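This report concerns only the one structure given below.
The values are calculated or read from the model by the stated rules, or taken from the named source; none is laboratory data. All of these numbers come straight from a predicted model, not from anything done at the bench. All Cβ positions, even for glycine, are placed from backbone atoms using ideal geometry, and neighbour counts span all protein chains on display.
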Amino acid sequence: MADEPGSGVPRIDPAELSRRLGADVAEVEALGRTGARVDPAAGDVPGQVRAQAARIGFESPVDAAAQSLRHIAELPAGERGSGSPIVPYHAAAGRTVAEGEVVAHSGGRVVFQRVAPVAAGVTVRLEAAVRVTADGDAWLDSFGWPLVETDAPVYAFNGSRAGYLAEAIAGLRGDGPFDQAMLMVFGTALGDDDDTARRKELAGLVAERPGRLAAYMSQAETYAESVRANGPYGACLYRSALESLFENYLGSATFSLVDQEDLDDLDEELREQIPEADALAPEAMPPGTPVQHWWWSLAVRV
């Protein structure tokens, strides 16, 4: 690893970059997801696509690797695997095509959605979009959180605040995905059940993991910067999880772990980017989201 002269930005050695890319492409090709063939004239294109779910992947192996890395955290922890994201990401995409509900089919595009369990009382809606060419080639276009508007939430919280808090603590103690623990923290901000007995415990666990909190902040910034391209959902979700952590757990200790200027920059990015992006459906905002989470109001425009 080297630094770009005068920039302080790490630069990967070209040989190392080539090695990594070659390994990623080889892993994608080993999946055998070389695309499917359907006959549009035969009808029931979604059914034909579904029957070949195990063959459908991205047209470009490089894109397949990039999408796997970019969207693996949108899957429940139980579907992410423990190593490279490429295999579990594509397996989850195939499962969504094979088992999911067809929510859209027009213009050579078939969209499948599947609801997957995340934790007790929490589910996530995943979406796989398949592009079918005029010649009958079928390729995966995207997979992860829904890009098509639905009348159902992306995450559904049907448990209790005490349960979400217990899940967050268990996840942190067990060294589980930090983003899933933060999702549970957001869950504790929804509704009226006010169990606060273990708040200090969670705050202490987060304080012991400043690097993981910093990485989560960085991901929130990435979502904010890509709002126009990818929509505002990820940015709003991550910002709400952070706000829930700051308001309900860390309090005045927040800025011993997070730089105030970084948070201000994140909020400024949201104010600038969200109004320029496609709006979210009202159902995308979890019921009970605190009214002071203003970023959702910018994103949900009816």
Number of the condition not met by Ala36 [criteria: (1) under 17 Å from Gln113 (Cα atoms); (2) in contact with a strand residue (DSSP E or B) (Cβ under 6 Å, 6 or more places away or on another chain)]: (1)
All positions within region 51-72 that are surrounded by 18 or more Cβ atoms within 10 Å (Cβ to Cβ) and outside any loop (DSSP other than H, G, I, E, B): Ala53, Pro61, Ala64, Ala65, Gln67, Ser68, His71, Ile72
Cβ pairs under 7 Å, 6+ apart, first in region 58-85 and touching a residue at least 40 places away in the same chain (Cβ under 8 Å), second among the polar types (S, T, N, Q) and part of a helix (DSSP H, G or I): Phe58/Gln67; Ala77/Gln180
Boolean, Ala224 is modelled with pLDDT under 95 and either of a type in the set (A, V, I, L, M, F, W, C) or outside the structural domain of Asp259 (by TED's automatic domain parsing) (or both): no
So Asp193, is it over 18 Å from Arg80 (Cβ atoms), at pLDDT below 95 and of a type outside the set (Lys, Arg): yes
Flag if Arg33 is of a type in the set (Lys, Arg), surrounded by 14 or more Cβ atoms within 10 Å (Cβ to Cβ) and under 16 Å from the mean Cα position of the chain (by Cα): no
Residue in region 102-123 that is within 17 Å of Leu31 (Cα to Cα), touching a helix residue (DSSP H, G or I) at 6+ places or on another chain (Cβ under 7 Å) and buried (at least 20 other Cβ atoms within 10 Å of the Cβ) present: no
Test: residue in region 264-275 that is closer than 18 Å to Val206 by Cβ and assigned to a helix (DSSP H, G or I): yes
Hits in region 234-279 (condition: of a type outside the set (Gly, Ala, Ser) and touching a Ser or Thr at 6+ places or on another chain (Cβ under 7 Å)): Phe246, Asn248
Pick from region 73-99, criterion over 14 Å from the mean Cα position of the chain (by Cα) and charged (D, E, K, R), ranking: surrounded by the most Cβ atoms within 10 Å (Cβ to Cβ): Arg95
Candidates Gly163, Gly187, Gly94, filtered to the one that is within 24 Å of Ala241 (Cβ to Cβ) and in contact with a helix residue (DSSP H, G or I) (Cβ under 6 Å, 6 or more places away or on another chain): Gly187
Number of positions in region 149-171 that are in contact with a strand residue (DSSP E or B) (Cβ under 6 Å, 6 or more places away or on another chain) and among the charged types (D, E, K, R): 1
